[in-house]
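The values are calculated or read from the model by the stated rules, or taken from the named source; none is laboratory data. Quick caveat: nothing in here was measured; it's all calculated off a predicted structure. Here the Cβ is made from the backbone with ideal geometry for all residues, glycine too, and neighbour counts use every protein chain on show. Ligands, DNA and RNA are excluded from the accessible area calculation, which covers all protein heavy atoms including side chains. Shrake-Rupley method; radii C 1.70, N 1.55, O 1.52, S 1.80 Å.
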Amino acid sequence: AVSVVAMAFQAMVFAAVLISILASLPARSRWLGLLRALGAGRGYVFLVLWLQSALVFLLAALAGLGLGWLAAGSLAAWLSARIALIIPVAIAWPELFSLGIFWVFAALGALLPALAGYRLSVRQALLRDA
């Protein structure tokens, strides 16, 4: 049951991060248009956006792993004090494997903002909010 809840939570985090990245693209369209106007190719813009998105996903995954470990450790310490039973908390291979699977899906999800930036018209980007 805990594994199912953890996977559902990871899916919610994935969706929230992806939506926030996609929502921030219009705010960065002038910057992307300027990059393109200065000679950056579509491939460069694609790569920059993919790397930024993949890094955000990686940082979110690492922050979640760290916060989860701290929360589990705190709960284990509290329970140990109450029931006099030592509950060890450690990050093991299953957690790292889950983190790796999350990041693989996140790297694939990072293609969406990268494709949106790839398709951005230089003219439209530079004339937006002008």
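Residues to consider are Ala84, Ala116; find the one that is more than 20 Å from Met12 (Cα to Cα), free of Cβ contacts under 8 Å to residues at least 12 places away in the same chain and not β-branched (Val, Ile, Thr).
After ruling out the rest, the residue left standing is Ala84.
Could you check the stretch 29-113 for helices (runs of 4 or more DSSP H) lying wholly inside it with 2 or more residues that are of a type in the set (D, E, K, R) and open to solvent by 80 Å² or more (accessible area, probe 1.4 Å)? Working first, answer last.
On the way: elements: 29-37, 42-83, 93-109.
It comes to 42-83.
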